[in-house]
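The values are calculated or read from the model by the stated rules, or taken from the named source; none is laboratory data. Because the structure is predicted, anything quoted here is derived from the model rather than measured. Glycine also receives a Cβ, built like all others from the backbone with ideal geometry; neighbour counts cover every protein chain displayed.
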Amino acid sequence: MNEIVLNHPLITHKLAILRDINTGTKEFRELVTEISILLCYEAMKDAKLEEVTIETPLEKMETGKLNEDKYAVVPILRAGMGMVEGIITVVPNAKVGHIGLYRDEETLEPVEYYYKMPDGIADREVLIIDPMLATGGSASATINRLKQDGVTKIKLLCLVAAPVGIKTIEENHPDVQIYCAVVDRELNDHAYIMPGLGDAGDRVYGTK
Ligand code: PRP
Ligand code: URA
């Protein structure tokens, strides 16, 4: 089991508003950011800290600090961009790489149209972000592409996952831990997650 599902009343509450057809673009974006912060909090639970000595107004102490520079966030365009603000609120110095993929509407296969990663990507821990894990094709293609570039530490953060998408990642990439806010029932005939929240890209950008 490579997935960690956030099971928390705050998440259920925020998702209820996010999913609602009557929720407008502004509130949708704000909620994606808020849930992304909570997802990132969970995904950073095993982060390694560097030992540092600091001085409080009262005395010196040994404590730990994160080397944020070791992290890269990779949104899958377009919808993944909606989660960037939330992640960099928590890890403000993380570098950001971009991969552009869209699902061919007939084959449902991901088609890559953009790829630009920060320098030294192979040495960074990468957090892939995308609100929707449906068939898992887009996330799996992203992981393949990053592995081609030598990346070895990858986590996948999504808001809504379908069971089949989780299975795809677990089969193709058993080394990748998935963090999702919720796992929904199934995919419909057009590979949309049910009940889901609709087309995440269109809702983030107000394009439909
Ligand atoms: C959506 C979503 C994922 C993908 C998930 O993007 O943001 O990237 O579909 O589906 P999959 O798991 O079956 O691959 P879409 O291709 O609609 O592009 P967009 O973000 O530009 O709207
Ligand atoms: N992409 C979306 O935006 N929504 C879905 O339900 C599935 C894929």
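This table checks each residue for (1) buried (at least 18 other Cβ atoms within 10 Å of the Cβ); (2) within 19 Å of Leu197 (Cα to Cα); (3) out of contact with any Lys or Arg (no Cβ under 7 Å at 6 or more places or on another chain).
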position: Leu18; (1), (2), (3): yes, yes, yes
position: Ile35; (1), (2), (3): yes, yes, no
position: Leu49; (1), (2), (3): no, no, no
position: Glu59; (1), (2), (3): no, no, yes
position: Met83; (1), (2), (3): yes, yes, yes
position: Pro92; (1), (2), (3): no, no, yes
query: Hey, any hits in segment 169-190 for a residue that's farther than 17 Å from Met1 by Cα, more than 8 Å from ligand 1 (Cβ to nearest atom) and under 14 Å from the mean Cα position of the chain (by Cα)?
result: no
task: Only one of these is at pLDDT below 95 and of a type in the set (A, V, I, L, M): Met1, Met44, Met61. Name it.
output: Met1
message: Being assigned to a strand (DSSP E or B) and among the hydroxyl-bearing types (Ser, Thr, Tyr) is the filter here; which residues of segment 168-187 pass it?
response: Tyr179
- prompt: For segment 129-176, which residues satisfy the criterion of being surrounded by 15 or more Cβ atoms within 10 Å (Cβ to Cβ), in contact (Cβ under 8 Å) with a residue 40 or more places away in the chain and over 23 Å from Leu18 (Cα atoms)?
  reply: Ala141, Thr142, Arg145, Leu146, Lys155, Ile169, Glu170, Val176
message: Just checking, does segment 134-152 include any residue being within 12 Å of ligand 1 (Cβ to nearest atom), part of a strand (DSSP E or B) and out of contact with any Gly (no Cβ under 6 Å at 6 or more places or on another chain)?
response: no
- line: Exactly one of Glu68, Glu125, Glu106 is of a type outside the set (A, V, I, L, M, F, W, C), at pLDDT below 95, more than 28 Å from Pro9 (Cβ to Cβ) and surrounded by 14 or more Cβ atoms within 10 Å (Cβ to Cβ), and that one is Glu68
message: Out of the residues in segment 149-200 meeting the condition of being polar (S, T, N, Q) and within 14 Å of ligand 2 (Cβ to nearest atom), tell me which one is farthest from Val73 (Cα to Cα).
response: Asn188
- prompt: If you check Val73, Val90, Val96, Val84, which single one turns out to be touching a Cys at 6+ places or on another chain (Cβ under 6 Å) and either hydrophobic (A, V, I, L, M, F, W, C) or within 16 Å of ligand 2 (Cβ to nearest atom) (or both)?
  reply: Val90
message: As an exercise: evaluate Asn22 against (1) assigned to a loop (DSSP other than H, G, I, E, B); (2) polar (S, T, N, Q); (3) under 23 Å from Gly136 (Cα atoms) and give the number of the one condition it does not meet.
response: (3)
